[in-house]
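A quick write-up on the structure given underneath.
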Amino acid sequence: MAKPRKRYVCQACGSVTAQWAGQCGDCGDWNTLVEEAGANVTPFQAKHNLQSGGRAIQLTGLNTDIALPERMATGIAELDRALGGGFVEGSATLIGGDPGIGKSTLLLQAAAKVANRGLRVVYVSGEEAGDQVRLRARRLGLGQAPVMFAAATSVRDILTTMGEGAAPALLVIDSIQTMHSDLIEGAPGTVSQVRASAGELIRFAKERGTAVVLVGHVTKDGNIAGPRVLEHMVDTVLAFEGERSHQYRILRAVKNRFGGTDEIGVFAMESEGLSEVANPSSLFLTQRDESVTGTVVFPALEGTRPVLVEVQALVVRLASGATPRRAVVGWDSSRLSMILAVLEARCGLSFSTCEVYLNIAGGYRVQDPAADLAVAAALVSALSERPLAADAVAFGEIALSGEVRPVAHGALRCREAGKLGFAKALAPAAQADKGGLALTGFKNLGAFVDHLLGR
Ligand code: TYD
Ligand code: MG
């Protein structure tokens, strides 16, 4: 009889090692290696492969009839947009975000909307006591909504209760880190508990056709706490982002088995809860003033949705030879270094004795590569102390060669800018559709800088 070999499995990334170590060699996480029983392979089994002895499964083509799962629109348009039309029946959705960002508020509002339509909705909180949630519901004006509430943490109790009578259309679990499964040992919040609890709840969703929504906590570096596998287990992962000090919150689909991941929902946190923001562009633009240097409006694109944001740069000349600071809020700092390097190498503009600060106004985070040209414009404007025309927007990707490359959906960006009163666009030369703006095209960064400096 062969002895089962010991093996250690990283609970974060799943890599397997023969030796225990404090840190996983693959993902670098600490204290994640856990001993698991290895496969018990006997010499007899080793001689036989897996190519016989099973049951034949039926293979079909991809072009057979499709039964699409029903979607349940929540009635909160921004949430439905991020989900791709609403929660899908029999699916599991994970919503992650920093503490206090508004996850519980959003889900309570969504639960109330769905319950008001006559569907059975259950909201289980493992974090807050009943009265806390009731108080919040009353403050949000949702005190009368027929949402069934319970403060509970035992997955077995929750699922036993759900098993009696009709399964709810929507089940909200706030949060998965507080849930406890008695199938395995360990305190709530540990990797194995989170995984087991989520597994049971997801199985319930699939079996009974309930849309299950799990709230997930986020660690300091922005990952959903607990195992990464949680993200693999669910059908949809939503990230609720924003600066707590700002009013605006962005709901982003990170993974969606039933739709795209490129749509966002925009909310504002107000005293009566989260309100939908149908026109986000007006939010992220500050009061524009012709005489301000270093600010440029960038028509960003979130999925198919244009959002105008303001890029602000500040360049401070240093007298001494101290190492100049570079600080970025709302954009990628290595991308800023790249733009600075290209401006220096291709256009002869030196920032090496200057501190550079870059900020995206309104607490927005830009991920769109088309921001390069707007950032370059803001930097050049700040360095030369020449303001850009207040009615102009800029977009385009900058290559290391200094080439200004075309970007996706240029016309869409221009049209959104036109709607908000902008008249000019500084864009890649290859951009053909002007979307109603006076368009100036640039082939390379040198020509762009000459234009800005009036050379
Ligand atoms: P919450 O939904 O509890 O956040 P999470 O579940 O993500 O931890 O939101 C809490 C924050 O939202 C809290 O700091 C106060 C603020 N808030 C408002 O500004 N207005 C409101 O109507 C509500 C309910 C909360
Ligand atoms: Mg909460």
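Just checking, does segment 361-378 include any residue being surrounded by fewer than 17 Cβ atoms within 10 Å (Cβ to Cβ) and of a type in the set (Ser, Thr, Tyr)? No, segment 361-378 contains no residue that is surrounded by fewer than 17 Cβ atoms within 10 Å (Cβ to Cβ) and of a type in the set (Ser, Thr, Tyr).
Does segment 402-414 contain any residue that is among the basic types (Lys, Arg), open to solvent by 20 Å² or more (accessible area, probe 1.4 Å), modelled with pLDDT of 90 or more and part of a strand (DSSP E or B)? Yes: one or more hits. The number of residues in segment 75-87 being among the hydrophobic types (A, V, I, L, M, F, W, C), more than 16 Å from ligand 1 (Cβ to nearest atom) and open to solvent by less than 20 Å² (accessible area, probe 1.4 Å) comes to 2.
For every residue, the table says whether it meets (1) modelled with pLDDT under 95; (2) outside any helix (DSSP H, G or I).
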position: Val342; (1), (2): no, no
position: Arg346; (1), (2): yes, no
position: Leu349; (1), (2): yes, yes
position: Ser352; (1), (2): yes, yes
position: Tyr357; (1), (2): no, yes
position: Arg365; (1), (2): yes, yes
position: Leu373; (1), (2): no, no
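For segment 106-135, which positions are acidic (Asp, Glu) and within 12 Å of ligand 1 (Cβ to nearest atom)? The answer is Glu127, Glu128. Taking the criterion of being touching a residue at least 24 places away in the same chain (Cβ under 8 Å) and of a type in the set (Gly, Ala, Ser), the residues of segment 119-159 that qualify are Ser125, Gly126, Ala137, Gly141, Ala145, Ala150, Ala151, Ala152, Ser154. Say whether the condition of being modelled with pLDDT of 90 or more, away from ligand 1 (no atom under 16 Å from the Cβ) and open to solvent by less than 40 Å² (accessible area, probe 1.4 Å) is met by at least one residue in segment 54-72. Scanning segment 54-72 turns up at least one residue that is modelled with pLDDT of 90 or more, away from ligand 1 (no atom under 16 Å from the Cβ) and open to solvent by less than 40 Å² (accessible area, probe 1.4 Å). Is it the case that segment 251-269 has a residue that's over 17 Å from the mean Cα position of the chain (by Cα) and surrounded by fewer than 20 Cβ atoms within 10 Å (Cβ to Cβ)? Looking through segment 251-269, at least one residue is over 17 Å from the mean Cα position of the chain (by Cα) and surrounded by fewer than 20 Cβ atoms within 10 Å (Cβ to Cβ). In segment 176-211, of all residues being in contact (Cβ under 8 Å) with a residue 60 or more places away in the chain and open to solvent by less than 10 Å² (accessible area, probe 1.4 Å), the one that is nearest to Gln11 (Cα to Cα) corresponds to Ala198.
In segment 416-455, of all residues being in a helix (DSSP H, G or I) and charged (D, E, K, R), the one that is least open to solvent (accessible area, probe 1.4 Å) corresponds to Glu416. Just one of the listed residues (Gly90, Gly100, Gly118, Gly96) is surrounded by 10 or more Cβ atoms within 10 Å (Cβ to Cβ), away from ligand 2 (no atom under 16 Å from the Cβ) and either of a type in the set (A, V, I, L, M, F, W, C) or in the same structural domain as Val234 (by TED's automatic domain parsing) (or both), and it is Gly90. For segment 239-267, the tally of residues that are within 12 Å of ligand 1 (Cβ to nearest atom) and closer than 13 Å to Leu83 by Cβ stands at 3.
The values are calculated or read from the model by the stated rules, or taken from the named source; none is laboratory data. Just so we're clear, the structure is a prediction, and the values are computed from it rather than from any experiment. With ideal geometry, Cβ positions are generated from the backbone for all residues, glycine too; neighbour counts draw on all protein chains shown. Note: accessible area is taken over every heavy atom of the protein model, side chains too, but ligands, DNA and RNA are not part of it. Shrake-Rupley method; radii C 1.70, N 1.55, O 1.52, S 1.80 Å.
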